[in-house]
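The values are calculated or read from the model by the stated rules, or taken from the named source; none is laboratory data. Just so it is clear, the structure is predicted and the values come from calculations on it, not from any experiment. Quick reminder, even Gly has a Cβ in these numbers, built from the backbone with ideal geometry, and neighbours come from all protein chains shown. In case anyone asks, the SASA skips ligands and DNA or RNA and just uses the protein heavy atoms, side chains included. Shrake-Rupley method; radii C 1.70, N 1.55, O 1.52, S 1.80 Å.
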Number of protein chains: 2
Amino acid sequence: MDPAADPSSPGPRRATIEDVAVAAGVSVATVSRALRGLPHVAPATRQRVVQVATELAYRPDPAAARLATGRSQAVALAVPVLNSWYISQVESGAEAVCSADGYDLIIMGVTGEPARRSLLAEESSLHRRVDGVVFIDIAVDDDDVARLAERGLAVVTLGNVTATCPSVTIDEDEVARLATEHLLSLGHRRIGLLGGQRDDPLGFSVPRRRRAGHHATLERAGVEIDPDLEGIGNFSVMGGRDAMAGLLQLPDPPTAVFAMSDEMAFGAMLAARERGLDIPRDVSVVGVDDHDLSIVVGLTTVQQPVADIGSRAARLLLDQITGAAATPAHIRSPVSLVVRATTSAPLPRRQETAEKP
Amino acid sequence: MDPAADPSSPGPRRATIEDVAVAAGVSVATVSRALRGLPHVAPATRQRVVQVATELAYRPDPAAARLATGRSQAVALAVPVLNSWYISQVESGAEAVCSADGYDLIIMGVTGEPARRSLLAEESSLHRRVDGVVFIDIAVDDDDVARLAERGLAVVTLGNVTATCPSVTIDEDEVARLATEHLLSLGHRRIGLLGGQRDDPLGFSVPRRRRAGHHATLERAGVEIDPDLEGIGNFSVMGGRDAMAGLLQLPDPPTAVFAMSDEMAFGAMLAARERGLDIPRDVSVVGVDDHDLSIVVGLTTVQQPVADIGSRAARLLLDQITGAAATPAHIRSPVSLVVRATTSAPLPRRQETAEKP
DNA sequence: GTGAAAGCGCTAACAC
DNA sequence: GTGTTAGCGCTTTCAC
C-alpha cells in the first residue's frame, strides 16, 4: 500500500493538463494558453487556471511539449575536454544564462575527430535533442553550420570563427602581441612558445592564431624565429611541463617562454623549478587566461573575461533560437596584459648579440 | 528554393519511423523492434530495416520516445557551483560514463537555499525531464530521496550521504586525520582550519565532518581546540586567502593550517606570501583534493580520486535507472596523504608549552 | 474568449 | 515474426 515501496513505479500520478482543465472547468486549450501567457484569455479565467495549476502542482511534461512544438528548450555545450579551467569557467557563465531562461544545458564531450564528425553528421545525436549548440574550441566550418541550420539548430562558436554564425572570440593576434612584446621589451630574444599540437585533430584554430601572432611580433622586432623553441603542451599542466622540460635541455635554451594558456605556464614553471632554475631570474614565463591561481603563483598573463565569454555565448545562442537576434553576430572580448612576478629582464649572458658591428 | 535560406525552417523533413517502415516494407512496430534490438524480429527483416534506416539517416525523435516511454534518457548533475576544480573533475568523469551509455547529461547549478528547495519541490524542474540526478555537495535527506523516488527519479549523492540512496564518498574523518596528524607529527600545536561557512545554507556536510575529524584528532593528541583558529574560506582561492589573512593577524597565529580544499590552501599560501611569510618555514599548509596544480606549487595534500568518483557516481545512477543495481549502494573511495613542500616542523618559538612542569 | 480535434513520432499491448 | 492500434501529454489550427 506504500506508494514509495517500488521506487520505479510512477507513484501518485502527476497532474496533466487535462486534470487542470477539468478542475478549472475549462478546456485544455485554454489551460495551455493561460499558463503560457498567451493572449485571448480572459483575465479571470487565466487567474483561475493558474490557481488550479498551482494547487495541483502541475508541471507541463517537457517531452510532450517538445514533441508538439518541435523545440526542446535545451541547448548543448560541445567541449573538447571538461577538466580545463577555461572551459569550466565558460560553462559556468553559460549555465547561469540558460537556467535563467529555462533552458536545459547539456554537456557533450567531443574528444577526437571521430566524435566531432559524428556530432556534425547528418544523423547526429544533436537531432531534435537540442535547439542549439555552442561549440567551444571545436572546428566547425560554414558548411557544418549551414547543415546544422538546415536542421533547425542554432549555432555559436567560441575560439573558432565562421562567416555565418555568431561567435565570441578574443583577438588572438593581440593576445600574442601583448605577451611577446612584453617579453621583448624586457630584453628577451630567445623566446620559447608552448602551444597545442601542430596538426590538431579537432582543427582547433586558437593555437595556430596565437602562434602566428607570436611569429609576427618577433619578426616585427627583427628576431629570428627558431622552430626548436616551440613545444607542444596540449593546454594541460603536465603537457606544459614536459614541453618546457624539452626546451630547457636545448643547447641554447630560451630565456623566456610564452605559454598559450596559464595551465601550460604552470607546467612550465614546474619544469623550470625541477631543473633548479629560478623564475624569473633564469627564465621568464607568461601565460594566457588569468587563471584563478595565476595570482597565487604570481604568473604574468594575458587576461580574458572567461566566464563572461560563456554567458555572452549562451545569450547569443538563445537570442538566435528565439529570434531576438538584435545582438551583433561576432562579439570580440577585450584582453589585457597582467604583469606579475614571473617575468623580468634576462640574465646578461655571453653577449652574442653584442658581437655585431 | 534554397532550403537553407530560412535557418529556422525545418528544411528537408527528416525521416520518421513511418518513412523507414514504408521504405522497408514493414510496420512501424517492426522498425521500432528491429532498431532497438528487441527480440521477435527475423534476422533478415532486422537487417533490411537497419539498412533502410541508415540510408534514410533516420534517428528516432527523442521527445517522442520520451513521451511514449516516460523515460528521458537524460540525467542531471546538480552542483552548488561550477567553477570549482573538484566539481569539474567529477563532471568530467560523469560525462564520459553518461555519453558512453547514450544518456544526456544536464548541468544544474543549485546556488543557495531557494534554488535547492525549488529543485526538490513537488513541482520541480526535474519532473519528467531526467531519469535521475546526482547531487554533488548538496543536502538531500531521506525524505527528499523518497519523494524523488516516488516520482520515478533515481538519486545518487556525492559528499552527502543518506540511508536510502547510493552514494560515493570518502572517509572524511580519515581525510582530517591524515592532514592533522601529519601536522601534529611535525610538531605543530597551533593548527588553523580553513573550511566552509559555519551554517551552510545548502547543508553541505563535508566541512562539518572534516572539522569534526580535525577536532577529534587534536583532542586525541591532547591539543586544545581554539575556535579563533578557524577561518571560513568558502572553498575558493580568494576565500582561503582572506580567511588565512585573518588567522595570520591573530596575536598568537597558527604555525600550520589545514585547508579543507586545495583551492583554499592555495589562497592560504597567497596570504602568507603577501604577509612576507615563508612556507613552510613560517607556516605549513596542507590541503585536500590533490588539485592539478598542487604538484606545481608543492602543496602537501590529502588526495582523492576525483574524476573516478564522478564516473562511479554516474555508473551507480545509470545502474539504478536501468535496474542493474547489482553494485553496492555506498561506495567509499580511498584517500591518501601526499607530502610535498608546504609542510615542515614549526620554527622553535618562545616555548610556552615547555613551561609546564 | 473558448473549445474540439487533429496531430507531433514513438512505444507497447494485443491480435494474428 | 509481424501488424494494428491506442495512447503518451501537449500545442495549435479552426470553429464558434
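Numbers below:
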| quantity | calculated |
| --- | --- |
| Residues of the stretch A:132-281: accessible area per residue with a 1.4 Å probe, Å² | 37 |
| Built amide H within the under 5 Å cut-off of A:S167, gap 5+ | A:T157, A:H330, A:I331 |
| Semi-axis lengths, Å, the stretch A:128-168, gyration tensor of Cα atoms, sqrt of 5 times eigenvalues | 16, 11, 8 |
| Given charges at Cβ of Lys, Arg, Asp, Glu: the protein assembly as shown dipole, positive-most of B:I87, B:L183, B:G70 | B:G70 |
| Antiparallel bridge percentage (DSSP; both residues within chain A; nearest 5) | 10 |
| Inter-copy spacing of B:V22 label points, which lie 7 Å from Cα along Cα→Cβ, given in nm from shortest upward | 3.7 |
| Contact order relative to length of chain A, as percent, for alpha carbon pairs under 8 angstrom and 6 or more apart | 16 |
| P(r) of the stretch B:71-147 over all Cα-Cα pairs, binned every 10 Å from zero, in whole percent | 18, 52, 29, 1 |
| Taking the C-alpha atoms of the stretch B:15-59, convex hull volume expressed per residue in Å³ | 55 |
| Charge context of B:V134, other residues only, Cβ under 13 angstrom, K/R +1, D/E -1 | -3 |
| Per-copy distances of the B:E224 label point, shortest first, in nm (7 angstrom along Cα→Cβ) | 7.0 |
| 7 Å along Cα→Cβ, label-point gaps from B:P114 to other copies, nm, shortest first | 4.7 |
| Amide proton proximity set for A:V302, modelled H, under 5 Å, gap of 5+ | A:G287, A:V288, A:D289, A:D290, A:V338 |
| Cα-based helix-to-principal-axis angle, A:262-274 vs chain A, degrees rounded to 10 | 40 |
| Exposure of B:S185 as accessible area (Å², to 10), given a probe of 1.4 Å and all protein chains | 90 |
| Alpha-carbon centroids, the stretch A:55-103 and the stretch B:17-93: separation in whole Å | 20 |
| Equivalent-ellipsoid semi-axes of the stretch B:1-158, from the Cα gyration tensor, Å, largest first | 38, 20, 15 |
| Assigned charges on the beta-carbon of Lys, Arg, Asp, Glu; chain B dipole about Cα centre (debye) | 720 |
| Per-residue ³J(HN,Hα) for the stretch B:294-309, Karplus 6.51 cos²θ - 1.76 cosθ + 1.60, θ = phi - 60°, Hz, x for Gly and Pro | 4, 5, 5, 8, x, 6, 6, 8, 9, 7, 9, x, 4, 4, 4, 4 |
| Choice from A:D19, A:D101, A:D226 with maximal GNM fluctuation in chain A (Cα, 10 Å cutoff) | A:D19 |
| Highest to lowest packing among A:296-309, A:273-286, scored as the average C-beta count within 10 Å | A:296-309, A:273-286 |
| Partner chain coverage, peptide A:266-279 - average Cβ within 10 angstrom | 2 |
| Cα-based convex hull, chain A, per residue volume (Å³, whole number) | 185 |
| Whole-angstrom Cα spans of the protein assembly as shown along principal axes, big to small | 81, 78, 57 |
| Nearest residue to the symmetry axis between A and B, taken on chain A by its Cβ, in whole Å | A:S88, 2 |
| Environment charge of A:P60, counting only residues whose C-beta is closer than 9 Å and scoring Lys/Arg +1, Asp/Glu -1 | +2 |
| Peptide-level mean, for A:286-296, of C-beta atoms on other protein chains within 10 Å | 4 |
| Percent accessible area from carbon and sulfur atoms, the protein assembly as shown, protein chains only, probe 1.4 Å | 53 |
| Amide H partners (placed H, <5 Å) of B:R190, local residues excluded | B:T255 |
| Peptide A:179-185, shielding by other chains (average Cβ, 10 Å cutoff) | 0 |
| Electrostatic dipole magnitude of the stretch A:123-184 [Cβ: Lys, Arg +1; Asp, Glu -1; Cα centre; debye, to 20] | 380 |
| Rg and Dmax [Cα atoms of the stretch A:225-357; Å; Rg one decimal, Dmax integer] | 18.9, 67 |
| Estimated D of the stretch B:131-229 in µm² per second, where Rh is the Kirkwood radius over Cα pairs and Stokes-Einstein applies at 20 °C, 1.002 mPa s | 142 |
| ³J(HN,Hα), Karplus 6.51/-1.76/1.60, whole Hz, each residue of the stretch B:92-104, x for Gly, Pro | 4, x, 5, 4, 4, 5, 4, 5, 4, 8, x, 9, 7 |
| Counting DSSP beta bridges with both ends in the protein assembly as shown, the antiparallel % (nearest 5) | 10 |
